[in-house]
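The values are calculated or read from the model by the stated rules, or taken from the named source; none is laboratory data. In this text, all values refer to a predicted model and were calculated from it rather than measured experimentally. Cβ placement follows ideal geometry from the backbone for every residue including glycine, while neighbour counts extend to all protein chains displayed. Surface accessibility is based on the protein's heavy atoms, side chains included, excluding ligands, DNA and RNA. Shrake-Rupley method; radii C 1.70, N 1.55, O 1.52, S 1.80 Å.
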Amino acid sequence: MKRVIVFGSMGVAVDCLRWLLRQPEVEVLGVVCSTEPLSKWRLVQKDENMYDEATLLGVPVLNLEQVCELEADLGVSVRYHELLRARHLERFKLGVVNLHGAPLPEMRGSMCDAAAIIEGREEYGTSIHWMNEKVDEGLLIAVSRFHIQPSDTVYELFQASNQYGLELLKEWLPRILEGHVKGVDQLQLAQELHVEPKTYRVQEVRAWKQIPEQATAQQIWNTARAFQFPGHEPAYMQTANGKVYVSIASDNT
């Protein structure tokens, strides 16, 4: 029996928890998740909440310090919002795998989906990798990539990356739990793929939300798509009288 702890608060983490609970050779010791009220977008979209579901299922809800008191085989981080430190990572015999909502090795950090649209990328994806103390730099296990449609909004990329990511976890976790998956060095892979790894920061990406005065129609369209996310401020143009918000008509966002 392999002992697992799940890190994550969103609906995709809940789906992963339910799947793990159905695996006969897995014992879920607990989950680490936010206990704060749901953010606006999660309320609007009725995203399932890990705290509520774990409580309903009788799975212990842990904090990070309690993790340091346990011995487990594997940690599974599913879009978890905090960086784990060495004192957390060392509690897991095999290590901790992380579901990163962007393609590695080229896109690390936060708000990669918005960045992908702003930069005009034609492809996006999701990745699982072994965690270390650096941001999304651990050994890479697997990547699932998909085409970005010209009309895709950031929320649609976010949803797709979660869906593809959940399937990646289901595919790879059995092998990972058997101890047969080591992963590959991201820098070496980046050289082979001729890509330059970049770490995106929240403040950096949010600064692109303001549409320049001389923006082309395509730039306006892409910026609107990149910040079309329920419950969040959309793209805008700054005028002498204040902000003018720019969004795309949609039944979903």
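At-a-glance table
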| item | result |
| --- | --- |
| Region 29-55: number of residues that are at pLDDT 95 or above and touching a Pro at 6+ places or on another chain (Cβ under 9 Å) | 4 |
| Residues of region 165-184 satisfying the condition of being over 20 Å from the mean Cα position of the chain (by Cα) and in a loop (DSSP other than H, G, I, E, B) | GLU178, GLY179, HIS180, VAL181, LYS182 |
| Scan of region 49-61 for residues that are touching a residue at least 12 places away in the same chain (Cβ under 8 Å) and among the small types (Gly, Ala, Ser), ordered by number | ALA54 |
| Complete set of residues in region 232-253 that are assigned to a loop (DSSP other than H, G, I, E, B) and either over 22 Å from ILE148 (Cβ atoms) or of a type in the set (S, T, N, Q) (or both) | GLU233, ALA240, ASN241, SER247, SER250, ASN252, THR253 |
| Which listed residue, of LEU64, LEU94, LEU89, LEU21, is closer than 18 Å to LEU173 by Cα, of a type in the set (A, V, I, L, M), without any contact (Cβ under 8 Å) to a residue 40 or more places away in the chain and open to solvent by 10 Å² or more (accessible area, probe 1.4 Å) | LEU21 |
| Residue tally, condition open to solvent by less than 30 Å² (accessible area, probe 1.4 Å) and either of a type in the set (Asp, Glu) or touching a residue at least 24 places away in the same chain (Cβ under 8 Å) (or both), over region 198-233 | 12 |
| Which listed residue, of SER77, SER34, is in contact (Cβ under 8 Å) with a residue 60 or more places away in the chain and polar (S, T, N, Q) | SER77 |
| Breaking point among (1) polar (S, T, N, Q); (2) out of contact with any strand residue (DSSP E or B) (no Cβ under 8 Å at 6 or more places or on another chain); (3) at pLDDT 95 or above, for GLN186 | (2) |
| Filter result for GLU27 (part of a loop (DSSP other than H, G, I, E, B), open to solvent by 60 Å² or more (accessible area, probe 1.4 Å), out of contact with any helix residue (DSSP H, G or I) (no Cβ under 6 Å at 6 or more places or on another chain) and under 24 Å from ASN162 (Cα atoms)) | no |
| Residue that is open to solvent by 10 Å² or more (accessible area, probe 1.4 Å) and at pLDDT 95 or above, where the choices are ILE141, ILE128, ILE117 | ILE141 |
| Residue check for GLY58: farther than 21 Å from GLN159 by Cβ, small (Gly, Ala, Ser), over 18 Å from the mean Cα position of the chain (by Cα) and at pLDDT 95 or above | yes |
| Residue in region 179-197 that is nearest to ASP113 (Cα to Cα), counting only those that are surrounded by 12 or more Cβ atoms within 10 Å (Cβ to Cβ) and touching a helix residue (DSSP H, G or I) at 6+ places or on another chain (Cβ under 8 Å) | PRO197 |
| One residue from GLY58, GLY75 being small (Gly, Ala, Ser) and open to solvent by 10 Å² or more (accessible area, probe 1.4 Å) | GLY58 |
| Residue ID - farthest from GLY95 (Cα to Cα), chosen from residues in region 162-178 that are in contact with a strand residue (DSSP E or B) (Cβ under 8 Å, 6 or more places away or on another chain) and open to solvent by 60 Å² or more (accessible area, probe 1.4 Å) | TYR164 |
